[in-house]
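Read the structure below first, then the notes.
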Number of protein chains: 2
Amino acid sequence: MAIYSHILLAVDFTPATDTVVQQAIELSQTFKARISLVHVVEFVQMDLSNDLVLPQELEIDQDLMNLATQRLQKLARKLDLDESACFVTQGSTRREILHLAEEHGVDLIVIGSHGREGIQRLLGSTANAVLHGAPCDVLAVRIKDE
Amino acid sequence: MAIYSHILLAVDFTPATDTVVQQAIELSQTFKARISLVHVVEFVQMDLSNDLVLPQELEIDQDLMNLATQRLQKLARKLDLDESACFVTQGSTRREILHLAEEHGVDLIVIGSHGREGIQRLLGSTANAVLHGAPCDVLAVRIKDE
């Protein structure tokens with residue numbers, strides 16, 4: 001039995017995304033695992049306790065979602081993946097990734113990780129956050145900082 | 001080219017070690033990668049600013065090192081690995097693992113990770129610490145908490 005059968009690749013569209021995508025694709029080929037892509041649009045800050053939510057803010061959110069969906073689908077086509085393997089969600093990156101992993105029986109989450117130290121270490125990273133509470137294995141792909 | 005050629009498996013001898021070892025072994029077989037084992041004996045607290053360092057403390061450290069070496073070599077034999085693939089070091093777990101990884105051209109560190117949340121999340125974990133500053137990819141193998 002292959003070790004992993006469903007890989008969830010977290011894509012953030014930074015210049016380093018290619019490294020992480022490449023690694024995830026090679027792994028999926030090695031394990032003959034299916035692969036899903038996820039991009040999370042972080043919330044635009046809104047004060048929901050306030051009655052006044054500006055329509056522009058909602059539009060910005062929707063625009064960001066549409067843009068992310070287009071970019072993810074473009075990446076999926078390039079990787080010869082079906083559009084149904086693309087997930088664009090909105091909210092907390094960590095929570096959305098873990099939720100998707102649980103919901104879709106993912107057994108490996110692949111995510112980029114900067115090898116940062118010092119203050120950036122204290123601030124934490126997405127890879128770090130995803131590690132906590134993950135229902136499955138997590139592969140942090142080292143991104144070489146320029 | 002295989003994605004990974006040298007896996008460093010961090011062993012802590014907790015009951016969950018088996019899960020992590022199993023995953024690392026299967027990965028090493030898949031990638032035809034060599035595998036090294038590391039166990040870090042955390043420092044026994046000593047006040048080095050004080051002239052008085054009790055000989056018993058040094059002996060405890062040495063006893064712990066010897067015990068760990070025996071256990072790691074036993075594991076290596078079970079896994080059909082050479083004893084030269086065993087590293088027992090003393091100090092900060094994170095620093096020692098990262099140092100070994102760098103020194104021996106490791107391209108994947110495999111380490112167990114508890115999916116803990118809440119206070120234990122805040123306290124951090126070894127997997128989390130290793131992620132920071134790692135010179136290579138890190139696979140956190142999810143350990144099912146009892």
For segment A:86-97, which positions are out of contact with any Phe, Trp or Tyr (no Cβ under 9 Å at 6 or more places or on another chain) and either in a strand (DSSP E or B) or modelled with pLDDT of 95 or more (or both)?
A:Cys86, A:Phe87, A:Val88, A:Thr89, A:Ile97
Scope segment A:1-23; condition touching a residue at least 60 places away in the same chain (Cβ under 8 Å) and under 12 Å from the mean Cα position of the chain (by Cα); matching residues:
A:Ile7, A:Leu8, A:Leu9, A:Ala10, A:Val11, A:Asp12, A:Thr14, A:Thr17, A:Val20
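The values are calculated or read from the model by the stated rules, or taken from the named source; none is laboratory data. What you see is a predicted model, and the numbers here were worked out from it, not measured in a lab. Don't worry about glycine lacking a Cβ; one is built from the backbone with ideal geometry, like all the others, and counts go over all protein chains shown.
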